[in-house]
Amino acid sequence: MSAPTQDHPTQDRPKTLLRALGGEAVWPPPMWLMRQAGRYLPEYRAVRSRAGDFIALCTAPELAAEVTLQPIRRYGMDGAILFSDILMLPWALGHGLRFAEGEGPVLPRLEDQTAIDRLDRDRLHGAIAPILETVRRVRQGLRDEGLEGTALIGFAGAPFTVACYMVEGGGSKEFARVRAMAYGQPALFGRLMDVLTEATIDYLAAQAAAGAEALMLFDSWAGVLSPSLFRRHVIAPSARIAAALKARFPDLKMIGFPRLAGMMLGAYAAETGVDAVGMDTATDPVLAARAVPARMAVQGNLDPMALLAGGEALRAEASGILAALRGRPFVFNLGHGIVPQTPPEHVAALVRQVRDA
Ligand code: 1CP
């Protein structure tokens, strides 16, 4: 374990992430980046090649904790996000999952009640044990390395987005099957959503009990739904999850990320009970700041492609976002995950810019 290689402001201003999520307009704002642990970092690629496949990495606590800590050591981010994947939940329920090299996740296609009945909530607790061990090790690692100013973020996919991958059998451009099922077989789809909602509550509660200080719900495909189905399958289950977790862990902070929600962002912010909302790349931060209750934090939303490009384009995009959100509770982040080709120096330049804001 290496000591921090530079002074990180995070450690002089501890837990700014939790303060911002609590509604404080901390400035300069806390920051972390979606997919901050990943293939753009040489130290990640080294661990990844030792682990074998991606699921093996997610279920090897020592290695998963190591890659979670790598971007904190390098950049002093204010948030460390558990290294895992949203598809580890269907995996833990016994649904089956593999990551095919170069083509992303592959799952059995869920088509009927029999497949829903096979999802095994009793299996969940044993299967997630290594992920919870990663959570404990990251908290310990942050303490051991003098990085405890950084808050640990646990996460899950929101039920709708997880259902997308289960019903399609993997990624998709249109998610036509899942949308057809939601309209055409509402009772069946509703039962799938109920099972996933309850399993997500169990999974996130276990992460909080193991030491996660904030939890993020990734609803990456929320934006493919009509407003009425958005209320039913994005807002309602997220509200159920937030209420159940807040009842058990009153101090826990929650971030919701309804990607591509568009004009539904305000309703999502007002009705789910999360503490903060993530803005995707296409969201105008000025309009989002008006749509979301003033005391509620927003997070985002630099285009990962501006980070890839670097230079003046990166500076200009980041300063526009900073100017738009100065004075309100805000967490600087990307609008979607870092792409693997991103030069690590571009991330370093962005961190300097946000710290100097
Ligand atoms: O080969 C590899 O190294 C695997 C690439 C990879 C990584 C690094 C995958 C496969 N997942 C992850 C990690 C991951 N995924 C994290 C870790 C923490 C961090 O942010 O650093 C998190 C939070 C996720 C969440 C995730 N997985 C989402 C939600 C966010 C988003 O990107 O929209 C989604 C949709 C997934 C599914 C997934 N997992 C992996 C891939 C390639 C995909 C996308 C598949 C698709 O295109 O639909």
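The values are calculated or read from the model by the stated rules, or taken from the named source; none is laboratory data. Keep in mind that this is a model prediction, so the values were computed, not measured. FYI the Cβ positions are ideal-geometry reconstructions off the backbone, even for glycines, and counts take in every protein chain you see.
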- Message: Please determine whether any residue of segment 28-47 is away from the ligand (no atom under 14 Å from the Cβ) and closer than 12 Å to Thr150 by Cβ.
- Response: yes
- Message: List the residue pairs whose Cβ atoms are under 6 Å apart, where the first residue sits in segment 175-202 and is at positive phi, the second is part of a helix (DSSP H, G or I) and surrounded by 20 or more Cβ atoms within 10 Å (Cβ to Cβ), and the two are 6 or more positions apart or on different chains.
- Response: Phe175/Cys164; Phe175/Val224
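Every residue, every condition in (1) away from the ligand (no atom under 11 Å from the Cβ); (2) of a type in the set (Ser, Thr, Tyr); (3) touching a Lys or Arg at 6+ places or on another chain (Cβ under 8 Å), yes or no:
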{"site": "Ala92", "(1), (2), (3)": "yes, no, yes"}
{"site": "His95", "(1), (2), (3)": "yes, no, yes"}
{"site": "Ala100", "(1), (2), (3)": "no, no, no"}
{"site": "Pro105", "(1), (2), (3)": "no, no, yes"}
{"site": "Asp117", "(1), (2), (3)": "yes, no, no"}
{"site": "Arg121", "(1), (2), (3)": "yes, no, no"}
{"site": "Leu124", "(1), (2), (3)": "yes, no, no"}
{"site": "Ile128", "(1), (2), (3)": "yes, no, no"}
- Keeping to segment 309-348, report how many residues are within 22 Å of Tyr44 (Cβ to Cβ), touching a helix residue (DSSP H, G or I) at 6+ places or on another chain (Cβ under 7 Å) and hydrophobic (A, V, I, L, M, F, W, C). 7
- First in segment 157-168 and among the basic types (Lys, Arg), second anywhere and at pLDDT 95 or above and more than 12 Å from the ligand (Cβ to nearest atom), Cβ under 7 Å, 6 or more apart: none
- Message: For segment 214-233, which positions are away from the ligand (no atom under 14 Å from the Cβ) and either modelled with pLDDT under 95 or surrounded by fewer than 22 Cβ atoms within 10 Å (Cβ to Cβ) (or both)?
- Response: Ser226, Pro227, Ser228, Leu229, Arg231, Arg232
- Task: Answer yes if at least one residue in segment 52-62 is polar (S, T, N, Q), away from the ligand (no atom under 16 Å from the Cβ), more than 17 Å from the chain's Cα centre (by Cα) and within 30 Å of Arg191 (Cβ to Cβ), and no otherwise.
- Result: no
- With respect to Tyr183, determine if the residue is crowded, with 20+ Cβ neighbours inside 10 Å, more than 30 Å from Asp251 (Cβ to Cβ) and either in contact with a Ser or Thr (Cβ under 8 Å, 6 or more places away or on another chain) or modelled with pLDDT of 95 or more (or both). no
- Task: Having 1 or more residues that are closer than 25 Å to His336 by Cβ and at pLDDT 95 or above is the bar; report the helices (runs of 4 or more DSSP H) wholly within segment 1-84 that clear it.
- Result: 16-21, 42-51, 54-58, 61-75
- Odd one out for Arg143, checked against (1) without any contact (Cβ under 8 Å) to a residue 24 or more places away in the chain; (2) out of contact with any Gly (no Cβ under 9 Å at 6 or more places or on another chain); (3) closer than 27 Å to Val178 by Cβ: (3)
- Taking Ile81 and the conditions (1) touching a residue at least 12 places away in the same chain (Cβ under 8 Å); (2) over 19 Å from Ile131 (Cα atoms); (3) within 12 Å of the ligand (Cβ to nearest atom), which numbered condition does it fall short on, given that it satisfies the others? (2)
